[in-house]
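Beneath this line is the structure, given in structure tokens, with notes to follow.
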Amino acid sequence: MAMPYHRPSYRVTLAGQDITPKLNGRLHSLRIKAQRDQESDQLDIVLTDHDGELAIPPSGALLSVAIGWQDEGLIDRGTFHVDEVEHSGSPDRLTIRARAADMQQMLPGKRTQSWHDPTQTLGTIIGAVAGRNGLSPIIGGDLGAIPLPHIDQTDESDLNFLTRLGRRYDAVATIKSGRLLFTPAGDGRAASGAALGGVVITRRDGDQHRYSRTSRDAESYTGVKAYWNDPRAAARQEVVAGGTGKLKELRAVFANEADAMDEAVSEWQRIQRREALFELTMAHGRADLIAETPITLVGWKPQIDGTDWLITDVEDILDDKGYITRIRCEVKVGA
């Protein structure tokens with residue numbers, strides 16, 4: 001029995017109208033780059049304009065894209081706002097660059113607010129920020145229940161405020177599909193807030209790989225030390241996250257013990273995630289892989305296969321050579 005022929009495919013809609021038939025025969029390349037952090041997902045489409053018949057889309061136009069394989073079905077990769085266009089030649093080509101709704105656009109302007117309430121939690125604050133920006137909050141793990149009776153937002157945008165909170169609690173703050181996601185880094189959550197299932201990738205699935213491990217932080221440090229001011233003892237106190245031995249010391253001195261410990265724990269988790277990196281190019285593209293997906297690798301070295309990985313960056317490229325996917329992974333902490 002003959003094996004089915006895998007043919008890459010795509011679908012592009014403009015303002016809700018399917019324009020794929022107009023692009024067929026003109027598509028030079030389509031690239032989607034998605035990241036875990038606050039950076040917006042990016043779409044690049046390059047089209048040939050040999051007959052001069054292509055219209056340049058207006059800034060802000062909405063493009064929705066799905067990619068995949070004809071015999072396996074297409075997977076929706078989201079909606080993007082056109083913000084850059086370029087026409088070049090010869091040969092004449094139209095390049096369209098679009099980005100998903102990003103934090104900067106959705107959370108503009110500076111605010112001054114003192115968040116003060118003895119019963120207040122991190123979830124209360126995230127919910128309030130989401131609500132005043134017309135977003136639905138998705139708060140992962142135990143973050144929502146963390147007590148946070150006081151914090152100041154002084155002449156600071158909601159974007160910077162959320163970024164600061166994310167760093168303090170080692171969380172990812174991002175906007176996806178009208179939702180404000182505030183989840184632990186490495187928690188593995190989709191835009192809906194649902195947990196992402198793990199994926200197994202074998203050596204035969206990959207085309208090129210690169211594994212690197214550094215001893216700069218993860219192997220040289222055994223923990224993180226942070227200092228806080230104790231007004232009762234009129235002295236500076238310290239807390240430690242991780243183990244004893246060679247400790248990385250945070251420069252800032254925090255207002256209380258809880259703040260110091262939160263920062264120490266977050267930095268220790270970041271150090272552990274940076275212990276090793278893995279990059280893989282797959283000649284057979286995988287539209288189902290997105291940032292935050294947990295990965296199990298099989299068929300490489302024991303140190304690679306024995307590590308729990310998490311995707312941080314995904315790049316899909318569809319052109320006349322076929323459809324490939326590149327992923328970048330870091331160590332999954334607390335797996």
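Scanning the range 28-72 for residues that are of a type outside the set (Lys, Arg), in a strand (DSSP E or B) and open to solvent by 40 Å² or more (accessible area, probe 1.4 Å) turns up HIS28, GLN35, LEU62.
Can you name the residue in the range 259-268 that is open to solvent by less than 60 Å² (accessible area, probe 1.4 Å) and either of a type outside the set (Phe, Trp, Tyr) or assigned to a loop (DSSP other than H, G, I, E, B) (or both) and is also nearest to THR214 (Cα to Cα) among such residues? Within the range 259-268, the match that is nearest to THR214 (Cα to Cα) is GLU267. Is it true that some residue in the range 102-109 is more than 30 Å from ILE67 (Cβ to Cβ), touching a strand residue (DSSP E or B) at 6+ places or on another chain (Cβ under 9 Å) and free of Cβ contacts under 8 Å to residues at least 60 places away in the same chain? Yes: the range 102-109 contains one or more residues that are more than 30 Å from ILE67 (Cβ to Cβ), touching a strand residue (DSSP E or B) at 6+ places or on another chain (Cβ under 9 Å) and free of Cβ contacts under 8 Å to residues at least 60 places away in the same chain.
May I ask you to verify whether ILE290 is among the hydrophobic types (A, V, I, L, M, F, W, C), open to solvent by 40 Å² or more (accessible area, probe 1.4 Å) and not assigned by the TED database to the domain that holds LEU30?
Numbers: among the hydrophobic types (A, V, I, L, M, F, W, C): yes; open to solvent by 40 Å² or more (accessible area, probe 1.4 Å): yes; not assigned by the TED database to the domain that holds LEU30: yes.
When the stated conditions are applied, ILE290 passes them.
Across the range 122-162, the qualifying residues are those that are at pLDDT below 85 and not in a loop (DSSP other than H, G, I, E, B), and the one among them that is least open to solvent (accessible area, probe 1.4 Å) is LEU159.
Scanning the range 26-65 for residues being over 24 Å from THR325 (Cβ atoms) and among the small types (Gly, Ala, Ser) gives a total of 5.
Whether a residue is farther than 30 Å from LEU30 by Cβ, of a type in the set (Gly, Ala, Ser) and touching a residue at least 40 places away in the same chain (Cβ under 8 Å) was assessed, and ALA252 does not pass this test. Based on what the data block shows, is SER220 in contact (Cβ under 8 Å) with a residue 24 or more places away in the chain, part of a strand (DSSP E or B) and open to solvent by less than 40 Å² (accessible area, probe 1.4 Å)? No; evaluated as a whole, the condition is false for this residue.
When the test is whether a residue is open to solvent by 20 Å² or more (accessible area, probe 1.4 Å), within 27 Å of ILE324 (Cα to Cα) and either assigned to a loop (DSSP other than H, G, I, E, B) or acidic (Asp, Glu) (or both), PRO91 passes it. Here GLU249 meets the list (1) part of a loop (DSSP other than H, G, I, E, B); (2) open to solvent by 60 Å² or more (accessible area, probe 1.4 Å) almost entirely, failing just condition (1).
Look through ILE96, ILE32 and report the one residue that is more than 29 Å from ALA185 (Cα to Cα) and aliphatic (A, V, I, L, M). Give the derivation first.
Numbers: ILE32 fails: more than 29 Å from ALA185 (Cα to Cα).
Within the list ILE96, ILE32, the selection yields ILE96.
So, ARG232, is that one open to solvent by 80 Å² or more (accessible area, probe 1.4 Å) and in a loop (DSSP other than H, G, I, E, B) or not? Yes. Say whether the condition of being touching a helix residue (DSSP H, G or I) at 6+ places or on another chain (Cβ under 6 Å) and not in a helix (DSSP H, G or I) is met by at least one residue in the range 322-330. Scanning the range 322-330, I find at least one residue that is touching a helix residue (DSSP H, G or I) at 6+ places or on another chain (Cβ under 6 Å) and not in a helix (DSSP H, G or I), so the answer is yes.
The values are calculated or read from the model by the stated rules, or taken from the named source; none is laboratory data. None of the values given here were measured: they were computed from a predicted structure. Note that each Cβ is placed from the backbone with ideal geometry, even for glycine, and that neighbours are counted across all protein chains shown. Remember, those area values only see protein heavy atoms, side chains included, never the ligands or the DNA or RNA. Shrake-Rupley method; radii C 1.70, N 1.55, O 1.52, S 1.80 Å.
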